[in-house]
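Heads up: the structure comes next, in structure tokens.
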Amino acid sequence: MHWIRLIAGLVLLGLSAGCSKEDQTDADQENSVAQGRKIFMDNGCNLCHGPEGRGDGPVARNLSPKPRNFSDLAAYKRGPGLEQIEETIENGLNTGQGITMPAFPIALEDRHHLALFIIRSLQANR
């Protein structure tokens, strides 16, 4: 009987976790992308990466190596997928030439919005 309560508890825990990222509706994803764009601008990502994510922001000319051009999928050090981008935002990037992108300690949900914006809007600018 104890194991039945354990299984029921696990099922309820899974249900209370809500929808996964893959279960988002199109409207949810569009809202997430819009929130990601705001986070991109509010956190100054555009200063290095540029407003269209091409690595040509006003600070970029003073940086070596240059900031990532998000439309160049081959240039991603960890990969161009959602989880890889979220990891880069959280942990920053060190390419052996020193830290090339600092970590941005923003909330998990905000990292998701920002990564989805990069994928849906900036990678699409190819």
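The values are calculated or read from the model by the stated rules, or taken from the named source; none is laboratory data. Only a predicted model underlies this, so the values are computations on that prediction, with no experimental measurement involved. Heads up, the Cβs are rebuilt from the backbone with ideal geometry, glycines too, and the neighbour counts pull from every protein chain shown.
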Is region 48-55 home to any residue that is assigned to a loop (DSSP other than H, G, I, E, B) and closer than 13 Å to I119 by Cβ?
-> yes
State whether one or more residues within region 90-102 are modelled with pLDDT of 90 or more, surrounded by 14 or more Cβ atoms within 10 Å (Cβ to Cβ), on the phi > 0 side of the Ramachandran plot and not acidic (D, E).
-> yes
For region 91-122, name all the residues that are over 17 Å from C48 (Cβ atoms) and in contact with a Pro (Cβ under 8 Å, 6 or more places away or on another chain).
-> I119
